[in-house]
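Engineer: Got a structure here, written out as structure tokens. Questions coming.
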Amino acid sequence: MDAPVLHFGAVSVWLGAQSGKYPDGNQVLVHGGDIQVAFDTPQASRDRHALLRDIDLVILGHVHEDHMVALDLMPDAAVLVHEGDVAAARSWEGMKAHYGYAEDTLAGVHQMIVRDFHYAPRPDALPYTDGQTWQLGGGVRVRAQHLPGHTAGHCALVVENEGLAFIGDIDLSGFGPYYGDATSSLADFRQTLKDVAQLDARIWVTSHHKAVITDRAQFERDLARFAARIDQRSELLLERLSEGPMTLDQLVAQGFLYPPAHSAPWTASAEARTLTQHLDELIDQGRVERHGDAYARS
Ligand SMILES: [Zn+2]
């Protein structure tokens, strides 16, 4: 069955299953007069890879397994990645540092992403920088806007002539922002949530869930709800610490982002990384104290 496709001038958006719910994603294609570009390559594009036959260039908004699913089908396309994420695209060694999980966890993750995401590194990936622009011919122009936090190199890709911003994994989902990997940063994500609102756009496309928003008031409501998840998590953490001091392992075992039974191979690592950043923030704010391995409310 063909996925729904939406057209915005030179841009087409192929929706993944359930509006690109993970492990799928939404595929953005930009048709310049001279150059055909894909933003990321999720499962949705692998399922209909005839679409990708004419693609000259893949610009990755960031590196994660679900955004590079069809790269092995496009060996002749150039692959560009922000300099903060390019090492992760080039090799499994780079990807391991990007995730930053424990070594035995990484073995399971590698197995899973090869099996479920056709994971294949791109040693030929080239770096781009914040503010870089690409002229695709026919007045079609793309600009990268660095919006880190989800990963170190996460960018919005803005098709300036269409007022369309692909904002990737600032996905405005009910889950909220994800900053559970080694190169993720809660502090950067907080700034990014302010900066993304300043993009000069009237159409916003996310990789997952929301897919396409064409109304600024709606975008701002969704963004506010998404951003609020961060402080809600801090409140939840303070609530748990009201019951008494706890170690990081005890907090991880309770389930913070995910229910305790969540069984993805990376769950415990992502929980620990996320909790640590919230705990550090709360310590800086004087709301939590650390005594040895235990955290307590101040
Ligand atoms: Zn991601």
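The values are calculated or read from the model by the stated rules, or taken from the named source; none is laboratory data. Quick caveat, the model's predicted, so the values are computed rather than measured. Note that each Cβ is placed from the backbone with ideal geometry, even for glycine, and that neighbours are counted across all protein chains shown. Note: accessible area is taken over every heavy atom of the protein model, side chains too, but ligands, DNA and RNA are not part of it. Shrake-Rupley method; radii C 1.70, N 1.55, O 1.52, S 1.80 Å.
Engineer: Of Gln218, Tyr258, Leu237, which is farthest on the positive side of the dipole of segment 218-298, counting Cα position, with +1 on Lys and Arg Cβ, -1 on Asp and Glu Cβ, and the Cα centre as origin?
Structural biologist: Result: Gln218, furthest along the dipole toward the positive end.
Engineer: For a quick check, take a GNM of the chain with Cα springs below 10 Å and name the residue from Pro259, Pro127, Pro245 with the largest mean-square fluctuation.
Structural biologist: Residue with maximal mean-square fluctuation among Pro259, Pro127, Pro245: Pro259.
Engineer: Give me a comma-separated list of calculated 3J(HN,Hα) values for segment 200-216, in order, Karplus coefficients 6.51, -1.76, 1.60 applied at θ = phi - 60°, integers in Hz, x for any Gly or Pro.
Structural biologist: Here the 3J(HN,Hα) series is 7, 8, 10, 10, 10, 10, 9, 6, 9, 6, 6, 6, 10, 10, 10, 10, 4 Hz.
Engineer: Once both labels are modelled 7 Å past Cα along the beta-carbon direction, what's the Arg115-Ala294 spacing in nm?
Structural biologist: Taking the two extended label points, one gets 4.1 nm.
Engineer: Roughly what angle does helix 186-195 make with the longest principal axis of the chain, taking Cα atoms, 0 to 90 degrees, to the nearest 10?
Structural biologist: Computed tilt is about 50 degrees.
Engineer: Next up: Mind checking which aspartates and glutamates have their C-alpha under 20 Å from Lys21, skipping anything on the same chain fewer than 8 residues away?
Structural biologist: Within reach: Asp2, Asp40, Asp47, Glu65, Asp66, Asp116, Asp169, Asp171, Asp181, Asp222.
Engineer: Sort Thr274, Thr129 from largest to smallest accessible area, using a 1.4 Å probe on the heavy atoms of the protein chains.
Structural biologist: Thr129, Thr274
Engineer: Could you tell me which residue out of Leu80, Gln277, Ile170 lies farthest along the dipole of the chain toward its positive end? Charges go on the beta carbon: Lys and Arg +1, Asp and Glu -1, centred on the Cα centre.
Structural biologist: Farthest towards the positive pole: Ile170.
Engineer: Using a Förster distance of 30 Å, how high is the FRET efficiency between Ile283 and Lys194, based on the Cβ-Cβ distance and rounded to 0.05?
Structural biologist: Working: r = 23 Å, r/R0 = 0.77.
The calculated FRET efficiency here is 0.85.
Engineer: Right, something else. With springs connecting C-alpha atoms under 10 Å apart, model the chain as a Gaussian network and identify which of Val37, Val196, Val288 has the largest mean-square fluctuation.
Structural biologist: Looking only at Val37, Val196, Val288, the largest GNM fluctuation is found for Val288.
Engineer: Can you show me the helix-derived [θ] at 222 nm for the chain, built from DSSP H runs with n ≥ 4 at -39,500 (n - 2.57) apiece and divided by the number of residues, rounded to the nearest 500. Don't jump to the answer; show the numbers that get you there.
Structural biologist: Working: 9 runs with 97 residues, N = 298.
It lands at -10000 deg cm²/dmol.
Engineer: Give me the dipole magnitude in Debye, nearest 20, for the chain about the Cα centre, with unit charges on the beta carbon: positive for Lys and Arg, negative for Asp and Glu.
Structural biologist: Details: 24 positive and 41 negative charges, 100 e Å.
Dipole magnitude for the chain comes out near 480 debye.
Engineer: Springs between alpha-carbon pairs under 10 angstrom, Gaussian network model over the chain: which of Val140, Val114, Val13 fluctuates most?
Structural biologist: The residue that fluctuates most here is Val114.
Engineer: What's the extension gain from Gln18 to Leu73 if we count 0.36 nm per residue and subtract their Cα-Cα distance?
Structural biologist: Working: separation 55, 0.36 × 55 = 19.80 nm, distance 2.36 nm.
Here the answer is 17.4 nm.
Engineer: I've got another one for you. Taking Cα centroids, how far is segment 258-278 from segment 10-81 in Å?
Structural biologist: Distance between centres, Cα-based: 29 Å.
Engineer: In the calculated pair distance distribution of the chain, what percentage of Cα-Cα distances lie above 26 Å?
Structural biologist: Working: 19454 of 44253 pairs.
More than 26 Å apart: 44 percent of the Cα pairs in the chain.
Engineer: Still on this structure, I have one more. Length gain on complete extension for the stretch Gln232 to Val5, per 0.36 nm per residue less the alpha carbon to alpha carbon distance? Could the numbers behind the result be given before it?
Structural biologist: Numbers: separation 227, 0.36 × 227 = 81.72 nm, distance 3.52 nm.
Working it through step by step, the gained length comes to 78.2 nm.
Engineer: Suppose every K and R has +1 on its Cβ and every D and E has -1 on its Cβ; what is the size of the dipole of segment 1-67 about the Cα centre, in Debye to the nearest 20?
Structural biologist: Numbers: 4 positive and 9 negative charges, 25 e Å.
That gives segment 1-67 a dipole magnitude of about 120 debye.
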